[in-house]
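Let me begin by presenting the structure, written as structure tokens, before commenting on it.
The values are calculated or read from the model by the stated rules, or taken from the named source; none is laboratory data. Since this is a predicted model, take the numbers as computed values, not measurements. Quick reminder, even Gly has a Cβ in these numbers, built from the backbone with ideal geometry, and neighbours come from all protein chains shown. Calculation scope for accessible area: heavy atoms of the full protein, side chains included, ligands and nucleic acids excluded. Shrake-Rupley method; radii C 1.70, N 1.55, O 1.52, S 1.80 Å.
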Amino acid sequence: MKNYLSLVSISAKVRRRQSRMTIVCIIVSVLLVTAIFSICDMSIRNESTQMQEKHGSWHLQLDNLSPDAAEKIRQRPDVAETGWAELFNFDADQPYQIGEKTASLCGTDESYMTNLTSSLEEGKFPQSDDEVMLSSNAKLALHVALGDRVSLHTPAGDFTFTVSGFGSDSKDDYSGQTYLVGAYMRRDVFHRIMNANMVSEHPSYYVKFQSAADASKAIPEFQEQYGLSKEEISENTAVMGLAGKSSNASMKRIYAIAAALFVMVLLAGVLMISGSMNSSVGQRIRFFGMMRCIGASRKQVIRFVRLEALNWCKTAVPVGLVLGTLASCGICAFLRYKIGGEWAGMPVFVLSPVGLASGVFVGIVTVLLAARAPARRAAKVSPIAAVSGNAERTRTVKRPLRLRFGKVEQSLGIHHAMASKKNWFLMTASFSLSIILFLCFTVGLSFVHGLLPSLRSWQPDIVLNGYANALVLDQDLCDSISAIPGVDHVFGCGYLTDVPASCLQRDIESVNLMSYSDYLLDRTGENMMQGDIADVYGASGKAMTIQNKDNPLQVGDVIEINGKEVEITCSTSESLYPTEYSVICSAETFQALTGEENASLVGIQLGKDADDETVAQISGLAASDVIFSDMRQENLENTNMYLATVFLLYSFLAILAAITLFNMVNSISMSVTARIKQYGAMRAVGMDGRQLTRMIAAEAFTYAFSGLLVGCAIGITASRLLHIKLVTRYFGIPWDFPVVLIAIILVFAVAAAMIAAYMPAKRMRNMEITDTINEL
């Protein structure tokens, strides 16, 4: 043996069984971190691909930029691609048409359509002045194909083009409707049409950098060099946010949540491993004292404990990485092949450098952090105490243990749990952390539920919508749709924006007025926040509003619209349309206030027996100025997304709960082993197996109770704060005391304590008294 550190490998062989628990703790921590961050990495890759398909791969949009400045930007070494684009008449409020369909015009270049956005779906971008590229819905709306001639009608005259391709940079806006088509043309052609119609131009310059980091650095440079304001520089939040470089406030909150998750995972690993190592070192106090006797310094003992911990990592970290990678592949495969939808492009059998690096980093860092306190404890062992046989650092007993309640074995169990303040703290922290995360993650699920409209009871499968929310859908249409086999429910909703109004209680000039049919009012009644929705039905002159941060209107306000008053008597948490200044009433009250009978939106919920023929019949009833949207696939994807979120979050919580339980079982087992001579002496003086079991159970329940107390106190406070900041703020749903969740936590605490006490108690009962007395 050249030095004291050579004892590490010898000690590992001798104490292989005792070290097994600590190695398993490290494996579980590395597994958890590797799996979580690998899944996050795969999700980001999948989301990045989808976001670039929907929103393009450009980083920055620059408005009011001169051609000279644009050329200088294009020549920068950190710029990969640039392109111009300008959209006109997207609101369909100008008389520009192709055939009988309203047309929106876009002057752009091939770089923007093919390199910065995935716009081209068929054919090619216009190569000459007499070619145009149409949105894909033009095939159905205009019955045209590649090579056909179309005429663009403008106030200044007609322009004839040949269709060179199909596609658009806003696929979702054109999909499912035949009222508006997009026409994409070269910039010089667009400029000629705008000049002929005396329309001013405001093109935007799109820039793709070599990386999102380069884009983030370029923003202040552009502001200074070219005199651009913050409003004239827009980020592609989808691309910048996924790269971690967005300055958007919402993305910054997401970054903070990700950092908090990392800290929680790191903390859980430190607590678990530290508790295990603390117990392991506690059993070898005499060993470290003997090292001091033969000349080891305190620094050498500290280095010995740290190197021993790192020696465990040689086995534990690779095993944890392999298991974590397998777990992430399994979860990714489940999301891709079982959930589908947004997860259909999820990479499966791909190694994640981020996940592997995180697993190695957290595994080593948690072990080193966890080894700090046990190493210092080992270094403080007195050589004299080791030689005398009194290595255990026990406090001098000044008075006997007082039995304030219960039996002696129960008091002893509580005393054993509280004797080591550090171990008690670690156990309490580990247990309470799981409770806190459980309560906080449940709030996260409520927030996700509010973000996905397909989870609401009134969410339609088919939607007919007047373009720009025009009131063009009458009651006869609703009756005709209701008669189609396979249709379960049909409801209508009218919507008018910026309706002039006044209110004595609020300083407002206009409101957004909505009408709900009776079926929609019935479903809305399931989410009432305040008041009784029964007052709103019929020609009552009563209305309701939306309760959240965006809407200043409240229950009790009286709104005057067109010289008629309507009182807000109740509030709900959600609506079909935006919530700002929203006033929702019945169709009868809506007609009395505005004189309008028609609806702007008709929602259709299909039954289980609905088929493609049902959808075709509904589509056949839609007029040419009505947008027909089949929401079934989107609803399914949203539902699957929610289920996937539930699966991932609760899988994470289940792993944390397993870690907590494992930590408790491990700590109590080591505590029993450390006191095995004491238990042998108790058995010798008459303590039976039942009393021994109750003593160990009392120790376990002490850990559970303290963790339950701290976890519930912090968890309830944190979940209430999160609920108010997220759910109440955005969806108006007030916080209620989580009675069901607390009941679940109580059951888990009791079950964990019973499981943790069972194995050590069984082992002690099965040992002979002489064996426990003579156990080393």
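Among the residues making up the range 631-644, those that are out of contact with any His (no Cβ under 8 Å at 6 or more places or on another chain) and buried (at least 16 other Cβ atoms within 10 Å of the Cβ) are M631, E634, N635, E637, N638, T639, N640, M641, A644.
So for the range 733-748 (the condition being in a helix (DSSP H, G or I), farther than 30 Å from M529 by Cα and modelled with pLDDT of 75 or more), does at least one residue qualify? Scanning the range 733-748, I find at least one residue that is in a helix (DSSP H, G or I), farther than 30 Å from M529 by Cα and modelled with pLDDT of 75 or more, so the answer is yes. Of all residues in the range 212-233, those satisfying the criterion of being open to solvent by 40 Å² or more (accessible area, probe 1.4 Å) and among the small types (G, A, S) are S216, G227, S229. When we screen D488, D498 for residues that are charged (D, E, K, R) and in contact (Cβ under 8 Å) with a residue 24 or more places away in the chain, the only hit is D488.
The sole residue among V8, V30 that is at pLDDT 75 or above, part of a helix (DSSP H, G or I) and either open to solvent by less than 20 Å² (accessible area, probe 1.4 Å) or touching a strand residue (DSSP E or B) at 6+ places or on another chain (Cβ under 9 Å) (or both) is V30.
Please go through the range 54-78 and pick out each residue that is closer than 13 Å to A215 by Cα and surrounded by 19 or more Cβ atoms within 10 Å (Cβ to Cβ). Across the range 54-78, the qualifying residues are S57, W58, H59, L60, L62, I73.
For the range 574-613, the tally of residues that are basic (K, R) and open to solvent by less than 20 Å² (accessible area, probe 1.4 Å) stands at 0.
If you take the residues of the range 542-573 that are surrounded by fewer than 22 Cβ atoms within 10 Å (Cβ to Cβ), of a type outside the set (V, I, T) and touching an Asp or Glu at 6+ places or on another chain (Cβ under 7 Å), which of them is nearest to G494 (Cα to Cα)? Restricting to residues being surrounded by fewer than 22 Cβ atoms within 10 Å (Cβ to Cβ), of a type outside the set (V, I, T) and touching an Asp or Glu at 6+ places or on another chain (Cβ under 7 Å), the top hit is K542. When you check G538 against the structure, is it open to solvent by 20 Å² or more (accessible area, probe 1.4 Å), closer than 23 Å to G492 by Cα, of a type outside the set (K, R) and not in a loop (DSSP other than H, G, I, E, B), yes or no? Considered against the rule, which asks whether it is open to solvent by 20 Å² or more (accessible area, probe 1.4 Å), closer than 23 Å to G492 by Cα, of a type outside the set (K, R) and not in a loop (DSSP other than H, G, I, E, B), G538 comes out as no.
For S420, the criteria (1) more than 33 Å from the chain's Cα centre (by Cα); (2) modelled with pLDDT of 80 or more hold in every case but one, which is (2).
Within the span defined as the range 142-150, one or more residues are open to solvent by 10 Å² or more (accessible area, probe 1.4 Å), in a helix (DSSP H, G or I) and farther than 30 Å from V207 by Cβ.
Scanning the range 588-625 for residues being of a type in the set (G, A, S) and in a loop (DSSP other than H, G, I, E, B) gives a total of 7. Identify all residues within the range 490-513 that are hydrophobic (A, V, I, L, M, F, W, C), touching a helix residue (DSSP H, G or I) at 6+ places or on another chain (Cβ under 8 Å) and under 15 Å from A543 (Cβ atoms); write none if there are none. Scanning the range 490-513 gives C493, L496, V499, L513.
Working only within the range 602-612, note down all residues that are in contact (Cβ under 8 Å) with a residue 12 or more places away in the chain and over 15 Å from S480 (Cα atoms). Scanning the range 602-612 gives G607, D609, A610, D611. Pairs are defined by a Cβ separation below 7 Å, a sequence spacing of at least 6 or placement on different chains, a first member in the range 626-655 that is outside any helix (DSSP H, G or I), and a second member that is open to solvent by 50 Å² or more (accessible area, probe 1.4 Å) and of a type in the set (A, V, I, L, M, F, W, C); the pairs so defined are V626/V472.
Can you spot a residue in the range 513-521 that is open to solvent by 50 Å² or more (accessible area, probe 1.4 Å) and either outside any strand (DSSP E or B) or free of Cβ contacts under 8 Å to residues at least 24 places away in the same chain (or both)? So far as the range 513-521 goes, yes, one or more of its residues are open to solvent by 50 Å² or more (accessible area, probe 1.4 Å) and either outside any strand (DSSP E or B) or free of Cβ contacts under 8 Å to residues at least 24 places away in the same chain (or both).
Return yes when L307 is surrounded by fewer than 18 Cβ atoms within 10 Å (Cβ to Cβ) and either among the aliphatic types (A, V, I, L, M) or outside any loop (DSSP other than H, G, I, E, B) (or both) and no when it is not. It is true that L307 is surrounded by fewer than 18 Cβ atoms within 10 Å (Cβ to Cβ) and either among the aliphatic types (A, V, I, L, M) or outside any loop (DSSP other than H, G, I, E, B) (or both).
Considering only the range 332-360, how many residues are assigned to a helix (DSSP H, G or I) and either modelled with pLDDT of 80 or more or among the polar types (S, T, N, Q) (or both)? The qualifying residues number 13. Exactly one residue out of F88, F125 is aromatic (F, W, Y), under 26 Å from M51 (Cα atoms) and open to solvent by 20 Å² or more (accessible area, probe 1.4 Å), and it is F88. Residues of the range 434-472 that are modelled with pLDDT of 80 or more and farther than 27 Å from T497 by Cα: I435, I436, F438, L439, C440, T442, V443.
For every residue, the table says whether it meets (1) surrounded by 21 or more Cβ atoms within 10 Å (Cβ to Cβ); (2) in contact with a helix residue (DSSP H, G or I) (Cβ under 7 Å, 6 or more places away or on another chain); (3) at pLDDT 85 or above.
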{"residue": "M21", "(1), (2), (3)": "no, yes, no"}
{"residue": "Q52", "(1), (2), (3)": "no, yes, no"}
{"residue": "T82", "(1), (2), (3)": "yes, yes, yes"}
{"residue": "C106", "(1), (2), (3)": "yes, no, yes"}
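Please work out if C329 is at pLDDT 80 or above and more than 21 Å from the chain's Cα centre (by Cα). No.
The residues listed here are E596, E613, E637; of these, the one that is closer than 29 Å to A543 by Cβ and among the charged types (D, E, K, R) is E596. For the range 181-202, the count of residues that are in a helix (DSSP H, G or I), open to solvent by less than 10 Å² (accessible area, probe 1.4 Å) and either among the aromatic types (F, W, Y) or at positive phi (or both) is nonzero.
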